[in-house]
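Here is the structure we will look at, set down as structure tokens.
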Amino acid sequence: MTVDWRNLLVLSGPSGVGKGTVVNRLLAERPGVWLSVSTTTRPPRPGEVDGIAYYFVDRDEFHAIADAGGFLEFAEYAGNLYGTQVTPVAERLSHGTPVVLEIDLAGARQVRGSHPEALFVFLAPPSAAELRRRLSSRGTESDAVAAARLALADQELAAADEFDRVVVNDEVPRAAGELLQLWDERRA
């Protein structure tokens with residue numbers, strides 16, 4: 001199986017920057033692109049379907065996959081394990097399907113270590129103040145969780161220069177268009 005890792009877009013950025021919104025716009029503009037589905041040990045939430053929202057596994061199965069080298073990247077967050085399995089990504093890439101990974105900074109670093117030919121893009125907010133406003137206005141998290149996300153966001157923003165490109169999410173259509181243009185250039 002020949003895999004062209006240049007067809008892989010690794011998108012990262014701090015919580016609250018709008019990665020999911022930009023990816024949804026990108027997918028709407030390019031229906032042939034596949035958004036990788038992560039594997040997790042957390043239980044499904046109401047309405048989540050295995051293989052669509054996540055691949056849901058128990059800790060033993062997750063560790064077995066990891067021990068067999070089956071993850072491009074993985075990490076523990078809030079007591080649960082999350083990872084991107086190699087096989088589904090490589091299968092799609094081998095058939096010429098472009099793949100997007102929407103992952104955190106640590107995961108992006110792991111993928112860069114094994115597949116540096118992929119396109120690594122950091123999605124940045126228009127400003128640190130705007131990111132703080134977005135995170136604090138969510139209202140979906142406790143003050144402690146929001147404070148932890150803000151602290152982590154500062155660390156992530158400081159790592160933006162580790163990526164091939166930085167795209168500012170000031171307007172979703174513009175940011176998605178810039179991502180697609182960068183990706184098209186990489187694959188040309």
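All of the numbers you see were taken from the coordinates with simple rules; none came from a lab. From a predicted model like this one, the values you see are computed outputs, not experimental measurements. So basically every Cβ, Gly included, is an ideal-geometry build from the backbone, and we count neighbours across all protein chains shown.
Looking only at GluC sites (Glu not before Pro) in DSSP loops with at most 16 other Cβ atoms within 10 Å, what is the longest site-free stretch of the chain? Please list the in-between numbers first.
On the way: sites that count: Glu48, Glu117, Glu141, Glu171.
Longest site-free region, per DSSP loop and neighbour criteria: 49-116.
If you take P(r) over Cα pairs in 5 Å bins from 0, in percent from the coordinates, which of (i) 1, 8, 14, 14, 12, 11, 10, 10, 9, 6, 3, 1, 1, 1, 0; (ii) 1, 8, 16, 19, 21, 18, 12, 5, 1, 0; (iii) 1, 9, 17, 23, 22, 16, 8, 3, 1, 0, 0 do you get?
Among (i) 1, 8, 14, 14, 12, 11, 10, 10, 9, 6, 3, 1, 1, 1, 0; (ii) 1, 8, 16, 19, 21, 18, 12, 5, 1, 0; (iii) 1, 9, 17, 23, 22, 16, 8, 3, 1, 0, 0, the one derived from this structure is (ii).
Excluding Val89 itself, what net charge comes from residues whose Cβ is under 14 Å from its Cβ, given Lys and Arg +1 and Asp and Glu -1?
Numbers: positive: Arg6, Arg92; negative: Asp4, Glu73, Glu91, Glu102, Glu117.
In short, -3.
Report the net charge of residues surrounding Trp34, where surrounding means a beta-carbon distance below 13 angstrom and charges are Lys +1, Arg +1, Asp -1, Glu -1.
0
Using the Cα atoms of the range 73-160 to build a convex hull, what is its mean projected area in square nanometres?
7.1
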